[in-house]
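S.K.: A single structure is presented below for examination.
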Amino acid sequence: MKNKNLGRKIADKTAKYLISLGGIGTISAVLLVFLFLFWTVLPLFKSGSVNKIFSQKIDQKIDMQHGMLDEYGLSAVIFDGKSLYTLSLPVGKVVGKKDIDAKVTAFGHNEKSNSYYLATEHGKIVEAVIKFTKEVVRDGSPKGTPSYSINDHYLYESYENAQFRYSTNIELVDIIETKSDKKIVLIDGISSDKNRFISYLTEDKILHINQLETKENIMTGEVITDLSESKIDLSKNISGALPKYLKINSSKTSIMLFFTDGRFISIDTKDFNNFKISEEKKLFEDRKITYLDFLIGRNSILIGDNKGFVTIWWPTEDPQSKNNYVFSQIYSFYSGNDVPVKFIYPSHRDKSFLILNESGRLSMYHMTSGKHLVDLEPNVSNPQIVLLNQKNDKVVVLGDVITSYKLDIPHPEITFKSVFGKVQYELTSKPDYVWQSSSGSDDFEPKFSLIPLIFGTIKATLISMLFAVPVALLAAVYTSEFAPRRFRTTIKSTIEIMASLPSVVLGFIAALIVSPFVENIVLGFIFTFLMIPFSLIFLGHLSQFLPKEILNAMDRYRMWLILFLGVPMGIFLGSILAPFVEKSLFYGDFKLWLHKFDYSPFGGWVLVMIPFGIILALYLYRKFLYDFYESLLENRSYIGAAFIELIKFFVLTISSITISFLLAYLLVLLGLDLRFDIPFIESIMTTYVQRNALIVGFIMGFAVIPIIYTVSEDALNAVPEHLRSASLAAGATQWQTVMNIILPVAMSGIFSAIMIGFGRAIGETMIVLMAAGNTPIVDMNIFSGFRTLSANIAVELPEAVINSTHYRVLYLAALVLFIMTFIINTFAEMIRMKYRKKSSQL
Amino acid sequence: MSKFARKNYKIFFKSKGEPMLWLTGGGLIAALLMIGLLLLLVIKNGMGTFWPDPITHFELKSGDKLMGEVTKIEYFKLPQEKITLLTEQDRNRIEKNSGREKRFLLRIGNFELTNEHFKWVSEFEIAKITYPEDAMILERLEWGRFYGFPKEFRIDGKVVATDMKSIMKNYEEYHSKVRYLWSEKVEIEKKEIGKLNHKIEKERLKLKEAKLNLQKAIDSNDQDRIKTAQEKYERAEKDFNLFTQWSKKEYDNYVKKIDDLKKNYEKYAIKFVTSDGKEKEIKLFEIVRSYQANALSFWDKTMIYFGRWVEFQTDHPREANSEGGVFPAIFGTVVMTLLMSLFVVPFGVIAAIYMKEYAKSGKIISILRIAINNLAGVPSIVYGVFGLGFFAYTIGASIDQLFYEAKLPNPTFGTGGILWASLTLALLTLPVVIVATEEAINAVPNSLREGSYACGATKWQTIRNIVLPRAMPGIMTGFILSMSRGAGEVAPLMLTGAVKLAPEMPVDSIYPFVHLERSFMHLGFHIYDLGFQSQNSDAAIPMVYTTTLLLITIVVLLNVMAIYIRNRLRKKFIGSVF
């Protein structure tokens, strides 16, 4: 007996703990989802870190002007104005030196092809192409700290059970032989597989541009180089000192010359045979340029000056005259200490760059996000240049001593502002919200603004709620209060089945059936929506002419009358009214009207103003005509009263329309056009896209209706029966009971139903993915496509590389969705709980 | 009396609110109408897809001849300058249709000859429409449908029949035999060679594992370990070489078998002439189904109709999913849903019991309720994101590190798969089960519990013997509802493992029979993929409809079942309060 009791007790306790554990564990899953999303997103906003790897004295003194680093941060090629040195960094030794046969008068560099353009005093232009190689000597998994040694120009990296060999090869290619004896003072070039584009300035102030094209004869294998040259005399523009920098932009459409004192000349080279000076100005009044280079991609110019600032410039559209571009300052960074900027090195990977100033301070910034990534404190005396490797994970500071750092900046382009604020991307004229996560080109800068996606989400949600809330609430009120009792369960079950319809089915129907169908009858579609309620109310008024007994028993037939009379009548009215309106207000073609801006916007305004017209008409009626209407009803017969009711309805309808016409006329008089230039929101309706917000709103409403319906119907049903009975017993009609007792009591429940529907619409994925066209734009136009957070995740997450910036930003999108719905649902649930308490007290 | 009534008319209509009642009723009707129309649309198109259409033969005024099935007829606006070029008769007809002209979308098939699957034909282009009795439709393994007139029946290149009747006789005689041989060949390819490949892969992994171990041993610098690992590796290498020899022989065997079969069935062919006079020989085994569309009786059509339904539900997809069946998708959906309920039901029930029977303070209950409602309200795509990141990339990647190191960097569990998909959906449907179970537990009258306690039962005994049995129908409801939700959900599956075409099923005859790491096909995803990613979308849309019909049928049936059980449950317990 005791044993059995013990067993029972143990079983009871075990069950208790297991169930509690399981219960709480299950529920903490919510927390887990949130925490996991948060955890994945968090690294986005972390700043970078640097760790020193080694420091080594150089065995030779070099006056460094520029350099290039290999992928592993172990070898570098340094240019000192005369020769190219190959440095093995971990040992600090010069292992090779390439001399140029004559004195170099100018040099340019091209990181993309790892090459230098060197102009010599004999008028020869040489391209030095640098190749870094890594070979495996002994295969194995590297472990521990490596040791380095040099043997016969090779750098050996040895681990316990693996060894690698690094070498550097510099190849000199003669590319141009200028016949003139004038010294070349500036040079820049762009090389690709077969083409070279070289520009140089000679001391007689003539700018030369050479285009070299290498062709290989397929039959003979012979390589021919075509050279075409063009020049422009700049002696009129260049007075005094010669310019200090010459740069060719990536599209080879403009060549820019900069002077130390801040003067700037831009030459338009779009037409190869006819160059012209497109812009000439002074960039700075009181600063001197101390260093200048391109950011990766050769679009933005980084200018370091003597005050310690680095400013970033690119041509933007002139606000005064379109199609005219002016070189303007976009960003500015301060490197500290008010000392001149000594050297700038752009990253090979993204839009970040390193600044070295005269006081030896080294900092790294990202242009578009403006993020201050890291500060380095090189205890190198007299640092001269600083280099970054291709992968952006090694920094080498060179002076008398070499210091190498490991750099870890996982997501330089992300700040809170770059995700949620307006950002001015390279070559754009103004800051904007852009989502563009990938592209074909290498130098592409991903644009991660979540605003277009959040905007799309809210747009879709609002339009669908505009449609779903009235339908669902009306349906709920009717089912719980007026529908014949025996139908109620059937109706409710049917609508619950509607809730279970997979959204992929709705999406398919929206995209492949509804949108092509609606495309041809846009106005008819809109008018049907207006006409169905109109004809229902109209028929309601007509039915008041029926004898009182039939009217009182209306509950039995009303549904069928609506189905077979009201709805068809609405559709019929819509379909005959739409062509008429199209002809009279929209010049016969609504879709053409939408994008033909010389047509008057009047018709569109009328359409938009109809709801306001109705509201205003009702308001005016209540305020000024209500007493008159009541006095008319005094002492009327049954039919007479019904007739006056009908007249009232017509008067209201006509005055609503008149008011909307007046409002529209007023707006047109004000010169506003809803198709393009409304202040702040730009346009309400413009060019029609087949898969648009209206269609998605309609079909998504379909998905949301059952939820709002079920929850609000429950709320209506939960109103205590005694309130209903009391109201009816006091002589109120059913309608009065609903309006004055039931709806006010159930209000909070209904509100929470709307919130829940809202939450569901925000997260809906498949419908939007299939029917919204997926264009991430911020546009109020109800006839344009859009992209929501959820659809964006569904499209892009499968392709995002794990733990990349893109991947984490998509997690951020999911987190934003989670938080949005969390707030809405918690709010709704709190209201519902409060309401439950309140109604139980009633 | 009448005076009193007359006075009341002033407020009678106002208080009655009849027009507003019509409006509210309109809301309900609109909602119901939308469901009705949607279901009707899907049923009509889904049911109609498989009904054999006649072959229409168009002779055009330009002299071209086109033949195929008319799949769509519509009216389109013809530009005025084009109308003026037409004959008077055409012009009159178009004017009568207010500037619109009728056009037919003709499925012309014969893709390898025409490079088109479909063609629009406007009425003014047509000279003559006929329905030739001899024309045949072929559904083929490749290239889609074929429309043509049979000309010769050939065996081994020799013509054995030239007239329609004997061609058909030969066709009926050999077709099923040839198809049987062909299916045998497919069986060998899929099953036997599949198994062999699987074995080869396993052996290869064994060798790689031995190598990895050796590498590890070398890294550890432990001489004994190196020695044993070395020995093991050498043995594995030897085994592998032996195995390779054996498998090669085995493979050659199968290839020979297949060649024999091929020789047997590839010799039968029919030569067809297309409507524009081109000739084309089609091997008998390539023909899945063929019929003379214009000579069919109603009974024949019905047989073809049901035959196609059977094929649709039992066969594998062909032609980028636009032909054949959806069996793998049905199977994937079912397996995934069942797996999901395996996870969700126990946890959901435990959570509900905890909330209703164990949790005490009101605060905790409120927090729990908010948590559950949030769980229900979080968008499904967020679950997908969580499932991919947490299950696949975190847990799955760790499993790979521990148990499938030899296969790396190819992920085994570290990517989307049926296990992760069903776990994700389990999390998603958890609130459904919790709410349904809670409701059922609520419905168990307290008097029963008190009676049980009075008899000296412990809490757990009461729950097990009194509460749970009575809550069973409610739990069933939750179970069914969660299955219906799981079957219809697509967004999270897109991220966690549903694919357009899965080469292998998650359950098959190769040890260990259930492969939880495999990706799978899903009906909902199939709809998305077919409707939106298909190249030949005109041909795919009928399949989208039938798949939709199938999915809706499953989901609606599950729901109706759940609703039925719930309604019964409510009735039962209303009566049982004592």
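The values are calculated or read from the model by the stated rules, or taken from the named source; none is laboratory data. Just so it is clear, the model here is predicted, and its values are computed rather than measured. When we count neighbours, we look across all protein chains shown, and the Cβ atoms used for this are built from the backbone with ideal geometry, even at glycine.
S.K.: Among the candidates A:F534, A:F586, single out the residue that is more than 11 Å from every other protein chain (Cβ to nearest Cβ) and either buried (at least 18 other Cβ atoms within 10 Å of the Cβ) or aromatic (F, W, Y) (or both).
M.R.: That would be A:F586, the only listed residue that is more than 11 Å from every other protein chain (Cβ to nearest Cβ) and either buried (at least 18 other Cβ atoms within 10 Å of the Cβ) or aromatic (F, W, Y) (or both).
S.K.: Let me ask something else. A:G370 versus (1) surrounded by fewer than 21 Cβ atoms within 10 Å (Cβ to Cβ); (2) in contact (Cβ under 8 Å) with a residue 60 or more places away in the chain; (3) under 25 Å from A:Q424 (Cβ atoms): which is the lone unmet condition?
M.R.: (2)
S.K.: Here is a further query. Consider B:P52 against the criteria (1) surrounded by fewer than 17 Cβ atoms within 10 Å (Cβ to Cβ); (2) within 28 Å of the chain's Cα centre (by Cα): it satisfies all of them except one. Which criterion is unmet?
M.R.: Unmet for B:P52, out of (1) surrounded by fewer than 17 Cβ atoms within 10 Å (Cβ to Cβ); (2) within 28 Å of the chain's Cα centre (by Cα): (1).
S.K.: If you go through the range A:38-69, how many residues are assigned to a loop (DSSP other than H, G, I, E, B), free of Cβ contacts under 8 Å to residues at least 60 places away in the same chain and of a type in the set (A, V, I, L, M)?
M.R.: 1
Listed here are the residues, each with its yes/no results for (1) buried (at least 21 other Cβ atoms within 10 Å of the Cβ); (2) at pLDDT below 90; (3) not in a strand (DSSP E or B).
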{"residue": "A:A241", "(1), (2), (3)": "no, yes, yes"}
{"residue": "A:K247", "(1), (2), (3)": "no, no, no"}
{"residue": "A:S250", "(1), (2), (3)": "no, yes, yes"}
{"residue": "A:L257", "(1), (2), (3)": "yes, no, no"}
{"residue": "A:F264", "(1), (2), (3)": "yes, no, no"}
{"residue": "A:F272", "(1), (2), (3)": "no, yes, yes"}
{"residue": "A:S278", "(1), (2), (3)": "no, yes, no"}
{"residue": "A:K281", "(1), (2), (3)": "no, yes, no"}
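S.K.: Can you pull out the residues in the range A:473-529 that are closer than 26 Å to A:A718 by Cβ and either aliphatic (A, V, I, L, M) or outside the structural domain of A:K591 (by TED's automatic domain parsing) (or both)?
M.R.: Once the filter is applied, which keeps residues that are closer than 26 Å to A:A718 by Cβ and either aliphatic (A, V, I, L, M) or outside the structural domain of A:K591 (by TED's automatic domain parsing) (or both), the range A:473-529 yields A:L473, A:L474, A:A475, A:A476, A:V477, A:A483, A:I491, A:I495, A:I497, A:M498, A:A499.
S.K.: Which of the helices (runs of 4 or more DSSP H) contained wholly in the range A:500-573 include at least 2 residues that are over 22 Å from A:I708 (Cβ atoms)?
M.R.: A:515-520, A:522-543, A:548-552, A:558-561
S.K.: May I ask you to say which residue of B:A329, B:A293 is within 14 Å of chain A (Cβ to nearest Cβ), of a type in the set (A, V, I, L, M) and either out of contact with any Gly (no Cβ under 6 Å at 6 or more places or on another chain) or farther than 30 Å from B:G497 by Cα (or both)?
M.R.: Details: B:A293 fails: within 14 Å of chain A (Cβ to nearest Cβ).
Going through B:A329, B:A293 in turn, just one is within 14 Å of chain A (Cβ to nearest Cβ), of a type in the set (A, V, I, L, M) and either out of contact with any Gly (no Cβ under 6 Å at 6 or more places or on another chain) or farther than 30 Å from B:G497 by Cα (or both): B:A329.
S.K.: Does at least one position in the range A:563-572 carry a residue that is among the aromatic types (F, W, Y) and surrounded by 16 or more Cβ atoms within 10 Å (Cβ to Cβ)?
M.R.: no
S.K.: Can you work out which of the residues in the range A:780-818 that are of a type outside the set (S, T, N, Q), outside any helix (DSSP H, G or I) and within 13 Å of A:W435 (Cβ to Cβ) is nearest to the chain's Cα centre (by Cα)?
M.R.: A:R787
S.K.: Would you say A:L817 is surrounded by 21 or more Cβ atoms within 10 Å (Cβ to Cβ), closer than 29 Å to A:A771 by Cβ and facing chain B (nearest Cβ under 7 Å)?
M.R.: Numbers: surrounded by 21 or more Cβ atoms within 10 Å (Cβ to Cβ): yes; closer than 29 Å to A:A771 by Cβ: yes; facing chain B (nearest Cβ under 7 Å): yes.
Spelling it out, A:L817 is indeed surrounded by 21 or more Cβ atoms within 10 Å (Cβ to Cβ), closer than 29 Å to A:A771 by Cβ and facing chain B (nearest Cβ under 7 Å).
S.K.: Could you count how many residues in the range B:373-421 are facing chain A (nearest Cβ under 7 Å), of a type in the set (A, V, I, L, M) and surrounded by fewer than 24 Cβ atoms within 10 Å (Cβ to Cβ)?
M.R.: Residues that pass the stated criteria total 1.
S.K.: Here's another thing I want to ask about it. What do you reckon, is B:S290 on the phi < 0 side of the Ramachandran plot, crowded, with 17+ Cβ neighbours inside 10 Å and outside any helix (DSSP H, G or I)? I'd like the intermediate steps shown before the answer.
M.R.: Details: on the phi < 0 side of the Ramachandran plot: yes; crowded, with 17+ Cβ neighbours inside 10 Å: yes; outside any helix (DSSP H, G or I): yes.
Yes: the conditions hold for B:S290.
S.K.: I've got another one for you. Does A:L6 qualify as being modelled with pLDDT under 90 and at the interface with another protein chain (Cβ under 8 Å from one of its Cβ atoms)?
M.R.: Answer is no for this residue.
S.K.: Also, quick follow-up: Within the range B:471-478, does at least one residue satisfy the condition of being of a type in the set (S, T, Y), closer than 20 Å to B:N373 by Cβ, away from chain A (no Cβ under 11 Å) and part of a helix (DSSP H, G or I)?
M.R.: yes
S.K.: All but one of (1) at the interface with chain B (Cβ under 8 Å from one of its Cβ atoms); (2) over 29 Å from B:G387 (Cα atoms); (3) exposed (fewer than 15 other Cβ atoms within 10 Å of the Cβ) hold for A:L18; state the number of the condition that does not hold.
M.R.: Exception for A:L18: condition (2).
S.K.: Which one of B:G524, B:G497 is within 11 Å of another protein chain (Cβ to nearest Cβ) and touching an Asp or Glu at 6+ places or on another chain (Cβ under 8 Å)?
M.R.: It is B:G524.
S.K.: For B:Y358, only one of the following conditions fails: (1) surrounded by 21 or more Cβ atoms within 10 Å (Cβ to Cβ); (2) at the interface with chain A (Cβ under 7 Å from one of its Cβ atoms). What is its number?
M.R.: (1)
S.K.: Take the residues in the range B:324-366 that are assigned to a helix (DSSP H, G or I) and small (G, A, S); name whichever of them is farthest from B:H522 (Cα to Cα).
M.R.: Checked the range B:324-366; the qualifying residue farthest from B:H522 (Cα to Cα) is B:G362.
S.K.: Cβ contacts < 9 Å: first residue free of Cβ contacts under 8 Å to residues at least 24 places away in the same chain, restricted to the range B:257-279; second residue aromatic (F, W, Y) and in a helix (DSSP H, G or I), any location; separation 6+ or different chain. Result?
M.R.: Within 9 Å, the pairs are B:E266/B:F285.
S.K.: Turning to a different aspect of this structure: Among the numbered conditions (1) in contact (Cβ under 8 Å) with a residue 60 or more places away in the chain; (2) within 30 Å of B:T114 (Cβ to Cβ), tell me where B:E209 comes up short.
M.R.: The one condition B:E209 does not meet is (2).
S.K.: Name the single residue that is farthest from the other protein chains (Cβ to nearest Cβ) among those in the range A:443-499 being closer than 30 Å to A:Q390 by Cα and not aromatic (F, W, Y).
M.R.: Going through the qualifying residues, I end up with A:D443.
S.K.: To continue, here is another question. Filter the range A:320-329 down to residues that are hydrophobic (A, V, I, L, M, F, W, C) and either surrounded by 21 or more Cβ atoms within 10 Å (Cβ to Cβ) or part of a loop (DSSP other than H, G, I, E, B) (or both), then give me how many there are.
M.R.: Selection size over the range A:320-329: 0.
S.K.: Considering only the range A:499-509, I want to know if a residue exists there that is touching a residue at least 24 places away in the same chain (Cβ under 8 Å) and touching a Pro at 6+ places or on another chain (Cβ under 6 Å).
M.R.: Scanning the range A:499-509 turns up at least one residue that is touching a residue at least 24 places away in the same chain (Cβ under 8 Å) and touching a Pro at 6+ places or on another chain (Cβ under 6 Å).
S.K.: So which of A:D293, A:D286, A:D350 ends up being in the same structural domain as A:K394 (by TED's automatic domain parsing) and at pLDDT 90 or above?
M.R.: A:D293
S.K.: Let me ask you something else. Out of (1) within 20 Å of A:L542 (Cα to Cα); (2) modelled with pLDDT of 90 or more; (3) surrounded by 13 or more Cβ atoms within 10 Å (Cβ to Cβ); (4) not acidic (D, E), what's the single condition that is false for A:I654?
M.R.: Every listed condition holds for A:I654 apart from (3).
S.K.: Still on this structure, please answer the following. Return yes or no: is A:S335 at pLDDT below 90, buried (at least 19 other Cβ atoms within 10 Å of the Cβ) and farther than 30 Å from A:E229 by Cα?
M.R.: So A:S335 fits the description; yes.
S.K.: For A:D673, which of the numbered conditions (1) closer than 23 Å to A:N781 by Cβ; (2) buried (at least 22 other Cβ atoms within 10 Å of the Cβ); (3) not β-branched (V, I, T) fails to hold?
M.R.: (2) is the only condition that A:D673 fails.
S.K.: Given the condition within 14 Å of another protein chain (Cβ to nearest Cβ), at pLDDT 85 or above and out of contact with any Leu (no Cβ under 6 Å at 6 or more places or on another chain), answer yes or no: does some residue in the range B:440-447 qualify?
M.R.: Looking through the range B:440-447, at least one residue is within 14 Å of another protein chain (Cβ to nearest Cβ), at pLDDT 85 or above and out of contact with any Leu (no Cβ under 6 Å at 6 or more places or on another chain).
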